[in-house]
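The next block holds one structure in the form of structure tokens; read it before the comments.
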Amino acid sequence: MTSERFFGLIPAAGAGERMASAKPKQYLELNGRPMLYHSVKALLADARIDTVFVVLAPADHEFKEHPWGEFGERIAPLYCGGATRHDSVLNGLVAASSTVEPDDWVLVHDAARPCLGRHELQRLIDTLAADDVGGILGVPVADTLKRADAASRIQATEAREHLWQAQTPQMFRHGLLLEALGRSARLTDEAGAVEALGMKPRLVQGSAANLKVTYTEDLQLAQTILTSRGTHT
Ligand code: CTP
Ligand code: MG
């Protein structure tokens, strides 16, 4: 069960409904490039990643309007997105089966996380490459947690010890991911599906900079982070 091959898989078939914008958020511009470009580039920054599969909506017309040539053969669009993120990832895993072996590693990464840093990605791969299960990037919860009642009044203060916020990439072997997502109900992440098989994915320290762009206000923050790294073109 030891593979030296690593692939990326980016679900990018969402509609971005929580963001009031004219087009899906993966195509919104950050520093002159679509958000998806930054997410692809962040994954390919690690030379160990062989190819990144990008899962697009079957009706996507925008992808081919942007230049991807700098990534050569390391980027492969798959027009097989589904109704949910879970469906898009599962369809992508199935479509990638002709290239990817069951024990190859797949790093599933949201198109909506364009600020993934090179060091966190490196740490994820270094930590998990010899792991039996796989794991994810995450950050320990720093804020005090309050449980609210229906009127938004504090019902209780929750212990935050040992609580982490899950991020992506989520790194598991292709065969395990296929099995886990094929069986699971619609969980929001790959780790949840693997947990449902009774396994314990590892948590690897990420960074708050790897935010998920969900609301319009997140765009400015993402842009600031990318600019601070000098990645604008
Ligand atoms: N995604 C996908 N297929 C779907 C839904 C989501 O590939 N049917 C992808 C999104 O493109 C995104 C990632 O999954 O890269 C994380 O999802 P999310 O942040 O929820 O994006 P959207 O679903 O597009 O946004 P919203 O939930 O606000 O509609
Ligand atoms: Mg969504």
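The values are calculated or read from the model by the stated rules, or taken from the named source; none is laboratory data. These figures come from a predicted structure and were not determined experimentally. Reconstructed Cβ throughout: ideal geometry from the backbone, glycine too, with neighbour counts over all protein chains shown. When the accessible area is computed, the model is the full protein with side chains, heavy atoms only, and any ligands, DNA or RNA have been set aside. Shrake-Rupley method; radii C 1.70, N 1.55, O 1.52, S 1.80 Å.
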Odd one out for Gly16 among (1) more than 11 Å from ligand 1 (Cβ to nearest atom); (2) over 14 Å from the mean Cα position of the chain (by Cα); (3) open to solvent by less than 30 Å² (accessible area, probe 1.4 Å): (1)
Selected residue (criterion: surrounded by the most Cβ atoms within 10 Å (Cβ to Cβ)) from residues of the range 159-202 that are charged (D, E, K, R) and at pLDDT below 95: Asp189
Residues that are within 16 Å of ligand 2 (Cβ to nearest atom) and part of a loop (DSSP other than H, G, I, E, B), drawn from the range 206-223: Leu211, Lys212, Val213, Thr214, Tyr215
Elements of type strands (runs of 3 or more DSSP E) contained in the range 79-176, each with 1 or more residues being within 16 Å of ligand 1 (Cβ to nearest atom): 105-108, 134-140, 164-173
Unique residue being within 16 Å of ligand 2 (Cβ to nearest atom) and free of Cβ contacts under 8 Å to residues at least 24 places away in the same chain when the list is Ala83, Ala47, Ala112: Ala83
Residue in the range 98-114 that is more than 23 Å from Arg202 (Cβ to Cβ), surrounded by fewer than 17 Cβ atoms within 10 Å (Cβ to Cβ) and not acidic (Asp, Glu) present: yes
Test: residue in the range 23-42 that is open to solvent by 50 Å² or more (accessible area, probe 1.4 Å) and assigned to a helix (DSSP H, G or I): yes
Some residue of the range 53-60 being away from ligand 1 (no atom under 15 Å from the Cβ), in a loop (DSSP other than H, G, I, E, B) and not acidic (Asp, Glu): no
Residue match in the range 4-16 (condition: modelled with pLDDT under 90, part of a loop (DSSP other than H, G, I, E, B), away from ligand 2 (no atom under 16 Å from the Cβ) and not acidic (Asp, Glu)): no
